[in-house]
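For reference, the structure discussed in these notes is given below.
The values are calculated or read from the model by the stated rules, or taken from the named source; none is laboratory data. Keep in mind it's a predicted model, so treat the numbers as computed, not measured. Cβ placement follows ideal geometry from the backbone for every residue including glycine, while neighbour counts extend to all protein chains displayed. Note: accessible area is taken over every heavy atom of the protein model, side chains too, but ligands, DNA and RNA are not part of it. Shrake-Rupley method; radii C 1.70, N 1.55, O 1.52, S 1.80 Å.
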Amino acid sequence: MKVIRLVLGKIILLLNAVFSPKSQQRDSDAQQRVEQELQAITLYQFESCPFCVKVRRAAKRLNLPLQTLDAKQPDHEQALIAGGGKRKVPCLRIEQDNGEVTWMYESNDIIAYLEQRFA
Ligand SMILES: N[C@@H](CCC(=O)N[C@@H](CS)C(=O)NCC(=O)O)C(=O)O
């Protein structure tokens with residue numbers, strides 16, 4: 001089972017690399033502003049999780065160089081569980097200007113949020 005999952009994961013990564021989506025273009029000032037806003041956003045993920053790949057592809061389409069953290073690493077895993085309440089990925093950590101932090105699960109919700117905020 002572990003081997004099948006490993007092989008499927010590699011296939012997903014390969015297909016993702018081959019059929020990488022085109023990125024939306026912004027002028028350099030707008031892109032700089034977006035990247036500034038992204039400082040407060042982090043994606044907790046597993047590299048070959050299909051739901052995480054789906055979110056990363058949406059981020060690529062939107063030209064969002066998201067910071068990502070591997071939730072398999074014990075320190076990131078602990079932070080995810082402590083902050084978000086469960087060991088599930090993808091999870092988007094969003095820090096507001098007032099310091100309040102939101103942990104958003106569900107790939108579809110994350111993509112809708114990114115599209116609504118940055119498209
Ligand atoms: N409906 C969720 C599914 C997410 C999901 O099933 N993630 C798996 C990895 S692919 C997970 O975190 N499982 C918990 C674990 O592996 O501990 C979404 O669309 O984000």
- Item | Zero-based 10 Å bins, Cα pair distances in the chain, whole percents | 13, 42, 34, 10, 1
- Whole-angstrom Cα spans of the stretch 5-71 along principal axes, big to small: 42, 25, 11
- Got a number for carbon plus sulfur as a percent of the chain's accessible area, 1.4 Å probe? 54
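Can you give the net charge of the other residues whose Cβ lies under 12 Å from the Cβ of Lys22, counting K and R as +1 and D and E as -1? Numbers along the way, then the final one.
Values: positive: Arg57, Lys60, Arg61; negative: none.
Net of charged neighbours comes to +3.
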- the chain: calculated mean residue ellipticity at 222 nm from DSSP helix runs of at least 4, using -39500 (n - 2.57): -16500 deg cm²/dmol
- How far apart, in nm, are the 7 Å Cα→Cβ label points at Lys22 and Glu115? 1.8
- Note on the structure: the stretch 67-85 and the stretch 1-56 have their Cα centres apart by a whole-number Å value of 17
- Task: Please turn the phi angles of the stretch 83-91 into ³J(HN,Hα) values with the Karplus equation 6.51 cos²θ - 1.76 cosθ + 1.60 (θ = phi - 60°), one per residue in order, whole Hz, x for glycine and proline.
- Result: x, x, x, 8, 8, 9, 10, x, 9
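Report the net charge of residues surrounding Ile81, where surrounding means a beta-carbon distance below 14 angstrom and charges are Lys +1, Arg +1, Asp -1, Glu -1.
+3
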- Item | Gain in span if fully extended, Leu8 to Val34, counting 0.36 nm per residue against the direct Cα distance | 6.0 nm
